[in-house]
Amino acid sequence: MCLRVWIKTREEINGAKLDMGDEFCYNYCMTAEEQKEQRKRLLKAKIAVAIQDETGQVPTTEKIEEVFFLARVMYKAVLGTHYKRKEQKKQGQLAIF
């Protein structure tokens, strides 16, 4: 169990703003695995809202999971090749990506 105590002024409580608009603060007591799961849930929630906004219908769990999987694959595909090319340039290799 984690106990944290800090005192905030009225301005800090009423004027609390998030850094990047959609980020949220992780609890210091959360393990890395719990943070990872929380990030996955947040991404799934964002996907569900985006699908509902585009289609006007509430998406099914299967549809959310499908888009979540595709989002992870695309993220790895795009960033994976980006970093691989950067590494190859550093080593003086011919970039194949």
Relative contact order %, the range 29-97, counting alpha carbon pairs below 8 Å whose residues are six or more apart: 19 percent
Pairwise label distance in nanometres, residue 76 with residue 44, each label 7 Å out on the Cα-Cβ vector: 1.8 nm
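Values in this text are rule-based calculations from the coordinates and carry no lab data. Everything quoted here is computed from the prediction, not taken from an experiment. Reconstructed Cβ throughout: ideal geometry from the backbone, glycine too, with neighbour counts over all protein chains shown.
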